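The values are calculated or read from the model by the stated rules, or taken from the named source; none is laboratory data. In this text the structure is predicted, and so the values were computed from the model without any measurement. Note that each Cβ is placed from the backbone with ideal geometry, even for glycine, and that neighbours are counted across all protein chains shown. In case anyone asks, the SASA skips ligands and DNA or RNA and just uses the protein heavy atoms, side chains included. Shrake-Rupley method; radii C 1.70, N 1.55, O 1.52, S 1.80 Å.
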Amino acid sequence: MVSPEAPLISNLSVLENCALILMFRRRMKKKAANETVMTGLEALGLAGLADRRNPDLTDEERFAVLVLRAVMVENNAVAIDRPFQIVPDSADASFIRRTLSLLKDRLHECVVFDYTWNRERYGEV
């Protein structure tokens, strides 16, 4: 779930937030989990964020990390809940599409839930 209601854990770094999923859901060792997360951050062009915490991220960085965390679940079905509440200053969904595209090899299924009044921000679907 990628949602304003499911934020990153504020006292953990980006790396720790994502690796936690791998260590508990897939029983990965910490080193392997960290390497997997770093590969994902590199795919997003965000490797430099690994040690940052939630309050230190921009809205776009936070959204991308939330999506990365969600795709850490094996055979994931990612639900994105009201993405424009996470990235309120985005004029359209291009950033959302680009993020999902960069993680397409890890993303199994994805559904976006949003208000009908945001329909124009998505353009042609």
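May I ask you to evaluate 6.51 cos²θ - 1.76 cosθ + 1.60, the Karplus curve with θ = phi - 60°, for each residue of region 114-122 and list the ³J(HN,Hα) values in order in whole Hz, giving x for glycine and proline?
So the Karplus estimates, Gly and Pro as x, are 8, 6, 5, 5, 8, 3, 4, 5, 8 Hz.
Could you go through region 77-88 in sequence order and give the Karplus-derived ³J(HN,Hα) for each residue, using 6.51 cos²θ - 1.76 cosθ + 1.60 with θ = phi - 60°, rounded to whole Hz, and x for Gly and Pro?
Per-residue couplings from phi come out as 10, 8, 10, 9, 9, 6, x, 6, 7, 7, 10, x Hz.
Accessible surface of residue 23 in the full protein assembly, 1.4 angstrom probe, to the nearest 10 Å²?
We get 60 Å² for residue 23.
With a 1.4 Å probe and all protein chains kept in place, how do 18, 110 rank by accessible area, largest first?
If we order 18, 110 from most to least accessible, we get 110, 18.
Can you give the Rg to Rh ratio of region 67-125, both from alpha-carbon atoms, with Rh computed by the Kirkwood formula?
Details: Rg = 11.6 Å, Rh = 12.1 Å.
In region 67-125, Rg relative to Rh is 0.96.
Could you size up the charge dipole of region 1-89 around its Cα centre, putting +1 on the beta carbon of Lys and Arg and -1 on that of Asp and Glu, and report it in debye to the nearest 20? Present the calculation step by step, with values, prior to reporting the outcome.
Working: 11 positive and 12 negative charges, 113 e Å.
About 540 debye.
Which one, 102, 33, 6, projects farthest toward the positive side of the charge dipole computed for the chain from Cβ point charges (K/R +1, D/E -1)?
33
What is the sum of charges around residue 46, taking Lys and Arg as +1, Asp and Glu as -1, for the other residues whose C-beta is under 10 Å from the C-beta of residue 46? Could you put the intermediate results ahead of the total?
Working: positive: 52; negative: 42, 60, 61.
For residues surrounding residue 46, the net value is -2.
7 Å from Cα along Cα→Cβ at both residue 97 and residue 77: what's the point-to-point distance in nm?
With each label point 7 Å from Cα toward Cβ, the separation is 2.6 nm.
Sorted by accessible area (1.4 Å probe), largest first, how do 61, 42 line up?
Details: 61 35, 42 115 Å².
Per-residue accessible area, sorted high to low, gives 42, 61.
With springs connecting C-alpha atoms under 10 Å apart, model the chain as a Gaussian network and identify which of 57, 100, 49 has the largest mean-square fluctuation.
57
Please report the equivalent ellipsoid semi-axes of the chain, computed as sqrt(5 x eigenvalue) of the Cα gyration tensor, largest first, in whole Å. Walk me through the numbers before you get to the answer.
On the way: eigenvalues 117, 46, 32 Å².
Computed over the chain, the values are 24, 15, 13 Å.
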